[in-house]
Amino acid sequence: MTPIARPTPATRPTIQGAFTALITPFTADGALDEDALRRLVRWQVLAGIDGLVPVGTTGEAPTLTPAERDRVIAITVETVAERASRGRVPVVAGTGTNDTAATIAATRRAAELGADAALVVAPYYNRPDGRMLEAHFRAIADEGNLPIVVYNVPSRTGTNVPADVFLRLAEHPRVIAIKEASGNLEQIARICRDRPRDVAVLAGDDAWTLPILALGGDGVVSVASNEIPGELVALCDAARAGDWDGARRIHERWLPLFLGNFAGGPNPVPVKAALELMGLLETDAVRLPLLSLADESRASLAATLRTLGLVEAAGGRMRNLVEVSA
């Protein structure tokens, strides 16, 4: 395997705007498709994305081998570094597990590979309480060698990171953001109000991006920006500029896609199907226990994409941009 040259990570990346929760492309036989990954990362950078999040939930991290996770992180870091004409796009690598020691090791490895920060999900299955959650995240921040983004997604983990726990964690110099997917508006509002100003609050669900920005949040870790990176950047930019009418128009325009990405199957099943229908992927292959979208759901998704003018259009645009920039 050819070694990858990796830049030194920034000590404290800017976490603001639209960060894409990258899918991991596979070939039809289930192998990691490195060429497709490079094309997708180049497409994201050329579209002006604010940051990239490889090997998270959308990247099917639980079914990647350790070597594959390393490879995805390394390729992402190398590919974003190709564009010397603009500031390097931050890479926030998913490293969280329900084992604190394993998460520390994965975070250190991501640092070695050139990631700028780590996305650390709340421990799943073992369901720690608030005191235990705080100890878990503090240990990773202390020993992981990277700034961390706390990821709160109770629907997947069975554990909520309460506002008071996160606000104490936010005092740690290496805790730089929270990805909030609790769906608890009161909790999110309190975090937005009381967190230190240099600690970011990111929506963990595309449909919640506008409400969280309106509460003073800083952006989104987005599934839909796999498909429409520029539009998610524009939504965040409009809100940051105080153009709330413009931000609302973008939100309303793309809301059917935000919802369609979670219809008919768990993430990332629908978004991979959409990317194939758009010509951005050659196959929508996922790994068991996931299966590709059923025919009826795929037909419904295709209808949504046609209504939005997305079928095949983005694929040609991506190919043109990548070829011109090569």
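The values are calculated or read from the model by the stated rules, or taken from the named source; none is laboratory data. This structure is a prediction, so every number in the text was calculated from the model and none was measured. Please note: Cβ atoms are built from the backbone with ideal geometry, for glycine as well, and neighbour counts cover all protein chains shown. When the accessible area is computed, the model is the full protein with side chains, heavy atoms only, and any ligands, DNA or RNA have been set aside. Shrake-Rupley method; radii C 1.70, N 1.55, O 1.52, S 1.80 Å.
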Completion exercise
Within the stretch 210-223, residues being in contact (Cβ under 8 Å) with a residue 60 or more places away in the chain and not small (Gly, Ala, Ser) number 4
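Scan the stretch 220-236 and give yes if some residue there is open to solvent by 60 Å² or more (accessible area, probe 1.4 Å), modelled with pLDDT of 95 or more and either in a strand (DSSP E or B) or of a type outside the set (Ser, Thr, Tyr) (or both), otherwise no. Explain how you work it out, then say what you get.
Quick first cut of the stretch 220-236, residues open to solvent by 60 Å² or more (accessible area, probe 1.4 Å) only: none.
Checked the stretch 220-236: no residue is open to solvent by 60 Å² or more (accessible area, probe 1.4 Å), modelled with pLDDT of 95 or more and either in a strand (DSSP E or B) or of a type outside the set (Ser, Thr, Tyr) (or both).
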Problem - Sole exception among (1) open to solvent by 10 Å² or more (accessible area, probe 1.4 Å); (2) in a helix (DSSP H, G or I); (3) of a type in the set (Lys, Arg) for Lys272, by number - result: (1)
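Criterion first (open to solvent by less than 40 Å² (accessible area, probe 1.4 Å) and either at pLDDT below 95 or not in a helix (DSSP H, G or I) (or both)) does Val72 satisfy it?
no
So that you can scan it fast, the table gives a plain yes or no per residue for (1) open to solvent by less than 50 Å² (accessible area, probe 1.4 Å); (2) in a loop (DSSP other than H, G, I, E, B); (3) in contact (Cβ under 8 Å) with a residue 40 or more places away in the chain:
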residue: Arg88; (1), (2), (3): no, yes, yes
residue: Val92; (1), (2), (3): yes, no, yes
residue: Leu119; (1), (2), (3): yes, no, yes
residue: Pro123; (1), (2), (3): yes, yes, no
residue: Arg127; (1), (2), (3): no, yes, no
Problem - Boolean, Ala299 is buried (at least 22 other Cβ atoms within 10 Å of the Cβ), at pLDDT 95 or above, of a type in the set (A, V, I, L, M) and in a helix (DSSP H, G or I) - result: no
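Condition check ((1) in contact (Cβ under 8 Å) with a residue 24 or more places away in the chain; (2) closer than 17 Å to Glu227 by Cβ; (3) small (Gly, Ala, Ser); (4) in contact with a Cys (Cβ under 8 Å, 6 or more places away or on another chain)) across all residues:
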{"position": "Thr24", "(1), (2), (3), (4)": "yes, yes, no, no"}
{"position": "Val53", "(1), (2), (3), (4)": "yes, yes, no, no"}
{"position": "Ala81", "(1), (2), (3), (4)": "yes, no, yes, no"}
{"position": "Arg108", "(1), (2), (3), (4)": "yes, no, no, no"}
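Being in contact (Cβ under 8 Å) with a residue 60 or more places away in the chain, in contact with a Ser or Thr (Cβ under 9 Å, 6 or more places away or on another chain) and among the small types (Gly, Ala, Ser) narrows it down to one residue among Gly144, Gly114; which is it? Don't jump to the end; show me each part of the working.
On the way: Gly144 fails: in contact (Cβ under 8 Å) with a residue 60 or more places away in the chain.
From the options Gly144, Gly114, the qualifying one is Gly114.
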Exercise for the section: Inspect all residues belonging to the stretch 175-186 and state whether any of them is open to solvent by less than 50 Å² (accessible area, probe 1.4 Å), of a type in the set (Lys, Arg) and over 15 Å from the mean Cα position of the chain (by Cα). Expected result: no
